[in-house]
1. Give the range 101-118 a look and list any residue that's among the aliphatic types (A, V, I, L, M) and away from the ligand (no atom under 14 Å from the Cβ), or say none.
2. Being in a loop (DSSP other than H, G, I, E, B) and in contact (Cβ under 8 Å) with a residue 40 or more places away in the chain is the filter; apply it to the range 91-104 and report the residue that is surrounded by the fewest Cβ atoms within 10 Å (Cβ to Cβ).
3. Evaluate the range 332-353: report whether one residue or more is surrounded by 15 or more Cβ atoms within 10 Å (Cβ to Cβ), hydroxyl-bearing (Ser, Thr, Tyr), in contact with a strand residue (DSSP E or B) (Cβ under 6 Å, 6 or more places away or on another chain) and part of a loop (DSSP other than H, G, I, E, B).
4. Here are some residues: Val117, Val107. Which one is of a type in the set (A, V, I, L, M), in contact with a Cys (Cβ under 7 Å, 6 or more places away or on another chain), outside any helix (DSSP H, G or I) and surrounded by 18 or more Cβ atoms within 10 Å (Cβ to Cβ)?
5. Determine the pairs where a residue that is under 23 Å from Gly238 (Cβ atoms), located within the range 185-204, has a partner that is of a type in the set (S, T, N, Q) and more than 16 Å from the ligand (Cβ to nearest atom) with Cβ atoms under 7 Å apart, the partner being 6 or more residues away or on another chain.
6. Please go through (1) in a loop (DSSP other than H, G, I, E, B); (2) of a type in the set (A, V, I, L, M, F, W, C); (3) near the ligand (Cβ under 10 Å from one of its atoms); (4) more than 22 Å from Ile68 (Cβ to Cβ) for Cys259 and return the number of the only condition it doesn't satisfy.
7. With respect to Asp1, is the statement that it is out of contact with any helix residue (DSSP H, G or I) (no Cβ under 6 Å at 6 or more places or on another chain) and at pLDDT 85 or above true?
8. Within the range 217-256, how many residues are within 28 Å of Glu318 (Cβ to Cβ) and either within 16 Å of the ligand (Cβ to nearest atom) or part of a helix (DSSP H, G or I) (or both)?
Amino acid sequence: DTWITADRDHCWHPFTRQGEWEKTDPLVLVGGSGVWLTDSKGRKYIDGNASIWTNIHGHGHPVISQAIKDQLDQVAHTSYLGFANPRASELAERLCGFFPDSGLERVFYSDDGSTAVECAVKMAIQYRLQTGEPDRTEFIAFDQCYHGDTMGAASLGGVGAFFERFRKFGFPVQHVRDLDELLAVSPEQIGRTAAVVIEPLVQGVNQIRPWPEGMLRAIRHWCDQHGVHLILDEVMTGFGRTGSMFACQREEVVPDFLCLAKGLTGGYLPLAATLVQAEIYQGFLGGAEKAFYYGHSYTANQLGCAAALANLDLFEQEQTLELLPEKVDLLGRLLNELAERSDLVIEIRQCGLVAGGELRAPDGSAFPVTDRVGETVCLLARDHGLLTRAILDTVVVLPPLSITADEIRHLCAALEAAINDWSH
Ligand code: PMP
């Protein structure tokens, strides 16, 4: 397979243990339709992780494809530095329309989840510098959180592998474990804090861990009391994942900054948006020295914005949110039944169509990390027609929202077969 040879010779994949590829060649994915992906040998798999938590309405959707093609016939990309474009304007209006009369009415475009968070963090700092609070430029984030791997986003991150070696170069961040620890932060620390940053309702990269109900509302309240901004990272939870269009709507919380990416284009093109409160935007007006110097070559890419508009249209046309509760219930029920039948201990954690099953030995103890049980189960799942991903020993299930009941059954059956293959 020449693609594999070229891959081995020239490609450097994210997060791989370089030099260990020889044992398992990466699958070469060449086609996709709905929740199904096809590899270069013609085998089909359910896409259990919606690419990488991006594909909302599945692959090859004719409406999104057509929207991209139509835009391509007009123009693919133009500069956003001093130029506007129709799709970006329409999209900004639609995104703000989800938060009427809330002040969340400015959209800053960037490229992906990391840069959506990166710009929120830099805006939060620069805002304080420009409004007479130059000492209020630190952040509070949560243990084991993940917000991306650019420098500012990684500074917030609590997952050591991504950031520990760069920490001394990073932005100042204090990590807290939970709401109680946030409420106990010292007045001195509060006085230095520009913003609290959190993945609302559920942490993704931290092996799918839902937060207690009401926590987000309590954080919003705490931020209001102390003049601290709230940055919500909805890069994973945005666009229906947790049951409502955005996770913050579940607790009727409006953030000061809302970071969106992944599902924004339905998973078709890289694009991100950071929604910002009007009052914060005001702090950047008044001349060159107040401007926000952050803008990339592909900011507000027209193809990406066209895909994002089609993605939003599909929520209405296909009643994506209306059909979701039944799918969420079915997935939860099947995963819990699977866990009950299994010889292993499997803890199911779920929030909407975000689910994880943590595998442990029959006596309940964790497997040694070096055994890579989660990863091995995911490799075995391929033989049963499922592509998925494990974070440590938590197998992650985050399919496209367009998945049908039958496909959910197939996905759970394949996962169970893989777990049985491993344990027998
Ligand atoms: N924030 C969260 C909550 C994420 O899950 C991710 C990606 N897994 C990111 C930020 C970073 O997004 P990207 O990989 O698109 O830069």
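1. Within the range 101-118, the subset among the aliphatic types (A, V, I, L, M) is 104, 107, 116-117.
Leu104, Val107, listed by residue number.
2. Filtering the range 91-104 for residues in a loop (DSSP other than H, G, I, E, B) gives 98-103.
Imposing the further condition that a residue be in contact (Cβ under 8 Å) with a residue 40 or more places away in the chain reduces the set to 98-99, 102-103.
Details: Phe98: 17, Phe99: 19, Ser102: 13, Gly103: 15.
Out of the qualifying residues, it is Ser102.
3. no
4. On the way: Val117 fails: outside any helix (DSSP H, G or I).
Sole residue among the options that is of a type in the set (A, V, I, L, M), in contact with a Cys (Cβ under 7 Å, 6 or more places away or on another chain), outside any helix (DSSP H, G or I) and surrounded by 18 or more Cβ atoms within 10 Å (Cβ to Cβ): Val107.
5. From residues that are under 23 Å from Gly238 (Cβ atoms), the pairs are Ala194/Thr137.
6. If we test Cys259 against (1) in a loop (DSSP other than H, G, I, E, B); (2) of a type in the set (A, V, I, L, M, F, W, C); (3) near the ligand (Cβ under 10 Å from one of its atoms); (4) more than 22 Å from Ile68 (Cβ to Cβ), just (1) comes out false.
7. On the way: out of contact with any helix residue (DSSP H, G or I) (no Cβ under 6 Å at 6 or more places or on another chain): yes; at pLDDT 85 or above: no.
So Asp1 fails the test.
8. The first filter runs over the range 217-256 and keeps only residues within 28 Å of Glu318 (Cβ to Cβ), leaving 232-255.
With the extra rule that they be either within 16 Å of the ligand (Cβ to nearest atom) or part of a helix (DSSP H, G or I) (or both), the set shrinks to 232-242, 246-250, 255.
Residues meeting the conditions: 17.
The values are calculated or read from the model by the stated rules, or taken from the named source; none is laboratory data. What you see is a predicted model; the values in this text were computed from it and never measured. Don't worry about glycine lacking a Cβ; one is built from the backbone with ideal geometry, like all the others, and counts go over all protein chains shown.
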